[in-house]
There are 2 protein chains.
Amino acid sequence: MIYQKILRKEVTHLNSCIDVSFKNAVKFLKKNDNYIILTHASPDGDTLGSGYALYYGLKQLGKQVEVICPDVIPQEYSYFLCDTDHISRDGATLIAVDIADKRLLGALEEDFGDVIDLNIDHHISNTRYAKSLYLDADASATCEIIYEILSALKVKINDTIAKAIYTGISTDTGCFKYSCVTARTHKIAAALYSYNIEADVINKVMFDTKSKALLSLERMVLDTAEYHFDDKCMIVTVTAEMLKATGCKGTQLEGITNISRSVDGVLAGVTIKQTGDDTYKVSVRTYEPLNASQICVSLGGGGHKNAAAVILRGSLNEVKEKILNAIKRQMEETNAWTSAAR
Amino acid sequence: MIYQKILRKEVTHLNSCIDVSFKNAVKFLKKNDNYIILTHASPDGDTLGSGYALYYGLKQLGKQVEVICPDVIPQEYSYFLCDTDHISRDGATLIAVDIADKRLLGALEEDFGDVIDLNIDHHISNTRYAKSLYLDADASATCEIIYEILSALKVKINDTIAKAIYTGISTDTGCFKYSCVTARTHKIAAALYSYNIEADVINKVMFDTKSKALLSLERMVLDTAEYHFDDKCMIVTVTAEMLKATGCKGTQLEGITNISRSVDGVLAGVTIKQTGDDTYKVSVRTYEPLNASQICVSLGGGGHKNAAAVILRGSLNEVKEKILNAIKRQMEETNAWTSAAR
């Protein structure tokens, strides 16, 4: 492998992740000449917005920079993408953006998982796999951090950079809807509006456009809806057959995952997506007092307080039983059964 | 009528609406002691947020203030409502907030339609029915204007006022999604975050909560989806039977009307809602080059460029034929058939 050398050289750094300050992260980005920026697999607006905004910024500083995404980038992000440099891995400085766990590097994990030089992230659950980590868990999106880094680097923001950053913030916050949003988020958004970002067009694409196929899938998925525990838990299922019949890709299912969280009174919304013959990705969305992360961690998964996931094996019914038991346990522990939450 | 006297006295002012400056609008609100604030019928977050934020502000200045809404206020706004003063109409100063046309006063039009002293609004289509008008069509919401007015009045913003204003801005902009949003909108939002507004809770209620019944209705409605004209037109139908079976009210159908506008490639999204045995309300949502207003006007209805409606009589099939013909005509006139729009 082409990266074998780096891998061997750096393996001693494992499990000795250093937390760096904002100032030192900025210094680090000034210091070197060749950067490879890695985004996570199944790329979303925040990892791509972060990666490309940082790319444009470092290019302005005269660096050689490559952005590598482990998966094909969905076409809807094309308005801020470009062909980046192709640089030698040897001696390059490796930056991960918005990647909480090296497993999220997907196909690139083997080559890059243990040799990331600087990880820039906002996930409190970051597993500290990089040599250095700049973590700001108060940021609504990694793009919020990247905006501040570019400002500190005195990068001249332009329309494309502003669109990339806006996309990351908007998509990671549900368009400023979620609890991760702060005054800082809105201040940055206000600053981005001084560029021609066409935010309404971005938001239309990101939130209000679905394919005919996806709408068909939604119809099928709604037919699977089941309610448990006095309607406090809702489960919908996406089978491989449904995906095949409609031609939908797994990456288009974000909206479907949100269906189960939007029903009045539901504290745990579960979406079970078949990923193999007897493999299912179970996405859990919760409201207080329930904690999606705790539910999924108890089964070997992980995530955020309100949104987490776990891969489970077995028949669909076995998978349902496992997740329902985990939810039931937490409902009992937190008195969610009787609480008037929501 | 109790307001007859005011009505007679002021009728001479009709059709002589004076545009006032921001400064004079603020002066006007300082000057008097008794204010009646009117919101529009079928109240939304912006008219209510404006009305109540202004109420709390004027109360701080020691005024007597009453807020009157022509309709029952939906329960979801209760977090910023209160019992306002009840004051004599005689000699009171009448303020309309977010009311572009006196017909929007609904049941209150007869009594108040021609006697409004100051109208504070952001709709470019304002029909200038009040004696004085402070119109700022660049504001994303009337609440944006109210925030600036309260600041100019040196009102101390508190959590409740901040929640009211945030609600108006958030709901009128689709949570910062639409083209009416500007840097100013985000700056105000940032300022509101210094209060305990629980924006995520507000947004959850306003955007992401639907009843189990509404979800069932959505499922039924999706089953009616039909595509026409090379998938550039989509029709969904809500029958009286579906409403009865699910127990959904007509006022809950905003989300359903949006289904047909969200499908990729659809230029005309039509929602046909049965309102009587042979009566249907047809809501049309369009993208360029189509014009929903022109389509609906051609059948006797009206509305905006991108969102309009018309009441049609006949069987469901006859109604479909009428609206499809009108859309077909416009598609031919505008070359929408071959255009690559969207």
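Read-outs throughout are calculated quantities, based only on the coordinates presented, and are distinct from any laboratory measurement. Predicted model, so just to flag it, every value in this text is computed and none were measured. Positions of Cβ are generated from backbone atoms using ideal geometry, with glycine treated the same way; all protein chains shown enter the neighbour counts.
Listing for the model above:
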quantity	calculated
Computed [θ] at 222 nm, helices only, for chain A once each DSSP H run of length n ≥ 4 contributes -39500 (n - 2.57)	-11000 deg cm²/dmol
DSSP-defined beta bridges in the stretch A:204-342 - what % are antiparallel, rounded to 5	75 percent
DSSP beta bridges in chain A [antiparallel fraction, %, rounded to 5]	45 percent
Taking the stretch A:215-326 and dividing mean pair separation by its residue count, relative contact order in percent (alpha carbons under 8 Å, at least six apart)	18 percent
Inter-chain Cβ neighbour average for residues B:225-237, partner chain, 10 Å	1
Using a 7 Å Cα-to-Cβ projection, A:Ser298 label spacings across copies, nm, ascending	5.9
Label-point separation in nm, A:Asp159 to A:Thr334, each point 7 Å along Cα→Cβ	4.5 nm
In Hz, Karplus ³J(HN,Hα) per residue of the stretch A:98-113 (6.51, -1.76, 1.60; θ = phi - 60°; x = Gly, Pro)	6, 10, 6, 9, 5, 5, 6, 6, x, 4, 8, 4, 4, 6, 10, x
Filter on A:Lys154/B:Lys177; A:Lys31/A:Lys59; A:Lys59/A:Lys156 - keep pairs with C-alpha separation over 18 Å	A:Lys154/B:Lys177
Estimated FRET transfer efficiency when R0 is 30 angstrom, pair B:Asp19-B:Asp83 (beta carbons, to 0.05)	0.30
Solution diffusion estimate, µm²/s, Stokes-Einstein, the protein assembly as shown, Kirkwood Rh from C-alpha pairs, 25 °C, viscosity 0.890 mPa s	89 µm²/s
Candidate lysines - alpha carbon under 16 Å from A:Lys244, same-chain residues fewer than 8 apart omitted	A:Lys212, A:Lys273
Other-chain or far-sequence residues with amide H under 5 Å of A:Lys210's (modelled H)	B:Val263, B:Asp264
Filter on A:Lys204/B:Lys322; A:Lys63/A:Lys131; B:Lys232/B:Lys305; A:Lys281/B:Lys249; A:Lys23/A:Lys204 - keep pairs with C-alpha separation over 27 Å	A:Lys204/B:Lys322; A:Lys281/B:Lys249; A:Lys23/A:Lys204
Estimated distance in nm for a label pair at B:Lys244 and B:Ser298, the labels positioned 7 Å out from Cα along Cα-to-Cβ	3.5 nm
Alpha-carbon Rg/Rh ratio, for chain A, with Rh computed the Kirkwood way	0.98
Partner aspartates and glutamates for B:Lys328 [C-alpha distance under 13 Å; skip if fewer than 8 residues away on the same chain]	B:Asp230, B:Asp231
Pseudo-label separations to other copies for B:Phe229 - Cα-to-Cβ vector, 7 Å, nm	4.8
Per principal axis, descending, Cα span of the stretch B:1-157 in whole Å	38, 31, 29
For A:Ala183, label point 7 Å along C-beta direction: distances to other copies, nm	1.9
Antiparallel bridges, percent of DSSP beta bridges restricted to the protein assembly as shown (to nearest 5)	45 percent
Residues B:His40, B:His86, A:His228 arranged by fewest to most Cβ contacts within 10 Å	B:His86, A:His228, B:His40
Gap separating the Cα centres of the stretch B:129-192 and the stretch A:69-125, nearest whole Å	40 Å
Cβ neighbours within 10 Å from other chains - mean over B:201-207	4
Pairwise Cα inverse-distance average, inverted: Kirkwood Rh of the stretch A:267-311 (Å)	10.2 Å
For the stretch B:105-183, the Rg and Dmax computed from alpha carbons only, in angstrom	13.9, 39
Stokes-Einstein D for the stretch B:233-342, Kirkwood Rh over Cα pairs, 37 °C, 0.692 mPa s (µm²/s)	235 µm²/s
Inter-centroid distance (Cα atoms) of the stretch B:200-234 relative to the stretch B:272-342, Å	19 Å
Intensity falloff of the stretch A:80-225 expressed as log10 I(q)/I(0), Debye formula with alpha-carbon point scatterers, at q = 0.10, 0.18 Å⁻¹	-0.45, -1.17
Under the Debye formula (equal points on every Cα, no solvent term), log10 I(q)/I(0) of the stretch A:29-78 at q = 0.23, 0.31 Å⁻¹	-0.80, -1.17
